[in-house]
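Enquirer: Take this structure, written in structure tokens, and hold onto it; I'll ask about it next.
The values are calculated or read from the model by the stated rules, or taken from the named source; none is laboratory data. Fair warning: this is a prediction, and the values are worked out from it, not measured in the lab. Here the Cβ positions follow ideal geometry from the backbone for every residue, glycine too, while neighbour counts run over all protein chains shown. The accessibility values were calculated without ligands, DNA or RNA, using every heavy atom of the protein model including side chains. Shrake-Rupley method; radii C 1.70, N 1.55, O 1.52, S 1.80 Å.
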Amino acid sequence: MAERATVIVSNRGPVSFRRGPDGALEGRRGAGGLVSGLAPLVAGTSTTWVAAALSEEDREASASGVVEADGLRVRTVALDPEDLRQAYDVVSNRTLWFAHHGMLDHFREPTFDATWFAAWGAYRRVNLAFAEAVADLAPEGAVVLVQDYHLTLVAAALAERRPDLVCVHFSHTPFARPAELAVLPEAVRAELMGGLAAHAACGFHSERWAAAARGCARAVGHELTTFVSPLGPDPADLASSTAAPACGEALARLDGLVGDRAFLVRVDRIELSKNILRGFLAFDHLLASRPEWRGRVVFGAFVYPSREGVEAYRRYREDVDRTIAEVNERWGTEGWTPIVYEPDDDYLRSVAALRRADAVVVNPIRDGLNLVAKESVLLNERDAVLLLSEGAGAWDELADDVVPIDAWDVVAAAGSLHRALAMGAEERAERAARLRRVVAERTPARWFADQQAQV
Ligand code: F6P
């Protein structure tokens with residue numbers, strides 16, 4: 001069978017445009033897991049990546065149609081900036097994100113008023129604009145790989161314009177259970193699930209999320225065809241990061257900073273579902289309840305701001321800052337800062353931290369996969385213990401060899417920190433070796449092939 005042409009569609013694209021020294025537009029590749037995994041697979045091929053224009057320079061690039069940037073064929077979609085803001089901040093991040101992560105306290109105050117429905121109109125227009133861009137450029141019979149909750153309605157709009165195309169959806173998030181999605185107005189749920197049902201298949205990182213999505217569809221009279229295909233890191237991409245001089249320099253700096261203490265590490269966007277605060281509170285309880293760890297462990301918090309257009313994220317960031325300051329104030333001494341906080345999105349420094357860690361904390365309430373957990377397994381050079389909560393999609397693959405950490409119970413989580421930090425060298429080595437084998441099984445190439453195999 002002849003290979004079908006492929007179009008990838010995502011809200012955040014693989015490159016962002018800037019003006020170079022000569023005034024010309026240049027595309028620079030982003031550092032996210034999906035991008036670093038997929039970019040090498042599609043670079044130099046006929047695959048086109050369609051994404052929202054997120055800056056003025058991206059908007060200018062959109063005027064040229066499909067452009068070649070950093071080896072990729074990219075088409076940015078220029079949207080009305082206010083529509084994009086409403087679709088991204090209000091519908092995608094303040095509504096769908098919290099519903100899919102089961103964070104229902106965010107619906108405590110009235111949400112679905114006229115202002116919200118105006119934002120829903122913007123979400124529809126953004127999805128339509130994406131569908132029109134894809135309809136214009138997709139080769140006959142192409143497979144269109146739609147990524148994530150920002151673009152649920154693209155396939156339904158494409159079905160009218162280009163019935164020759166086959167759309168496959170992939171959710172990098174978890175999916176709300178039917179009782180959770182029920183916080184949304186019924187007509188909105190019906191449109192969302194009808195939008196997903198317009199795809200030939202819908203993919204997820206975990207069967208737990210696939211089952212929830214099927215249940216949500218059934219509740220409003222739709223059937224979904226689902227598949228499960230967890231993503232994994234690209235070992236070659238990780239190797240090129242560790243080989244970068246800046247990564248080596250960051251490693252040397254962290255090494256000096258930690259000395260002979262144990263190094264607990266977390267790397268995250270400052271994101272409510274990542275449960276960053278309870279991780280610090282667990283650490284606080286560890287220091288309170290087990291004095292032997294005072295002065296003996298450094299918690300490296302490589303967490304950086306995200307989605308600051310949403311008030312809940314801004315407030316969460318303030319809580320993170322305050323909690324870190326309080327823990328350091330309570331326990332810190334002249335020569336020891338318990339939590340070292342570096343809130344900048346420095347990818348190679350984060351890679352260095354994961355290489356140097358003695359234990360890595362990944363305790364989300366709920367998470368589609370959590371690629372950092374898997375990256376840490378391949379990057380780490382000291383048989384680090386991985387602390388993982390059941391809410392992460394990666395739990396399905398890694399549970400046997402992690403130290404479970406409770407996402408909610410701070411006292412139990414402190415016990416898990418102790419268990420991880422106190423684990424003997426032999427057990428650490430055995431677990432780390434098994435984790436490396438499991439993680440290596442799932443590459444971006446396999447994930448990409450699984451999506452294309454749905455048609
Ligand atoms: O995990 C879901 C996801 O949309 C990822 O695909 C993406 O890397 C991440 O959230 C960050 O999203 P944003 O584009 O909002 O920064």
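Enquirer: Among A87, L34, A118, whose Cα lies farthest out toward the positive end of the dipole of segment 10-118, if unit charges sit on the beta carbon of Lys, Arg (+1) and Asp, Glu (-1)?
Expert: Looking along the dipole axis, the top candidate is L34.
Enquirer: If you don't mind, there's one more thing I want to ask. What percent do you get for the relative contact order of the chain when only Cα pairs under 8 Å and 6+ apart count?
Expert: RCO, the chain: 14 percent.
Enquirer: So which GluC sites (Glu not before Pro) in segment 389-455 end up in coil per DSSP with only 12 or fewer other C-beta atoms within 10 Å?
Expert: E441
Enquirer: Which FRET efficiency value, to the nearest 0.05, is calculated for R322 and R161 with the Förster distance at 51 angstrom and r the Cβ-Cβ distance?
Expert: 0.55
Enquirer: Let me ask something else. Which residues' amide hydrogens lie under 5 Å from the amide hydrogen of A201, considering only partners 5 or more residues apart or on another chain, with H built in the peptide plane?
Expert: Counting only residues 5 or more places away or on other chains, the set is H169.
Enquirer: Can you give me the C-alpha center-to-center distance between segment 297-363 and segment 134-199, rounded to a whole angstrom?
Expert: If you average the Cα positions of each part, the centres end up 36 Å apart.
Enquirer: Calculate the length of the line joining the C-alpha centroid of segment 28-92 to that of segment 261-287, in whole Å.
Expert: One Cα centre to the other: 32 Å.
Enquirer: Under the 0.36 nm per residue contour assumption, what length would be gained going from the current alpha-carbon distance of A179 and T337 to full extension?
Expert: 52.5 nm
Enquirer: Which three semi-axes in whole Å describe the equivalent ellipsoid of segment 54-149, each the square root of 5 times a Cα gyration tensor eigenvalue, listed largest first?
Expert: 30, 15, 13
Enquirer: So, one more: Can you tell me what percent of all Cα-Cα pairs in segment 1-103 are more than 23 Å apart?
Expert: Value for segment 1-103: 34 percent of Cα pairs lie more than 23 Å apart.
Enquirer: Could you please state, rounded to a whole Å, how far the C-alpha centre of segment 432-455 is from the C-alpha centre of segment 396-421?
Expert: Here the two parts' Cα centres lie 25 Å apart.
Enquirer: How long is the gain from R253 to F117 if the chain were fully straight, where each residue apart is worth 0.36 nm and the alpha carbon distance is subtracted?
Expert: 44.0 nm
Enquirer: Heavy atoms only, probe 1.4 Å: what % of the accessible area of the chain goes to carbon and sulfur, would you let me know?
Expert: Taking all protein chains in place, the chain shows 50 percent carbon and sulfur surface.
Enquirer: Between exposed chymotrypsin sites (Phe, Trp or Tyr not before Pro) in the chain, where DSSP calls loop and at most 16 other Cβ atoms lie within 10 Å, what's the longest gap?
Expert: It works out to 113-407.
Enquirer: In a solvent-free Debye calculation with one equal scatterer on each Cα, what is log10 I(q)/I(0) for the chain at q = 0.11, 0.12 Å⁻¹, listed in the order of the q values?
Expert: Debye intensities relative to I(0), on a log10 scale: -0.90, -1.07.
Enquirer: Consider just the alpha-carbon atoms of segment 1-53 and return their Rg together with their Dmax, both in angstrom.
Expert: In order Rg, Dmax, the Cα atoms of segment 1-53 give 12.9, 46 Å.
Enquirer: I would also like to ask the following. Taking all pairs of distinct Cα atoms, average 1/r, flip it, and tell me the Kirkwood hydrodynamic radius of segment 167-269 in Å to one decimal place.
Expert: For segment 167-269, inverting the mean 1/r across all distinct Cα pairs yields 16.9 Å.
Enquirer: Report, to one decimal in Å, the Kirkwood hydrodynamic radius for segment 128-193 based on all distinct Cα pairs.
Expert: One over the average 1/r among Cα pairs gives 13.0 Å for segment 128-193.
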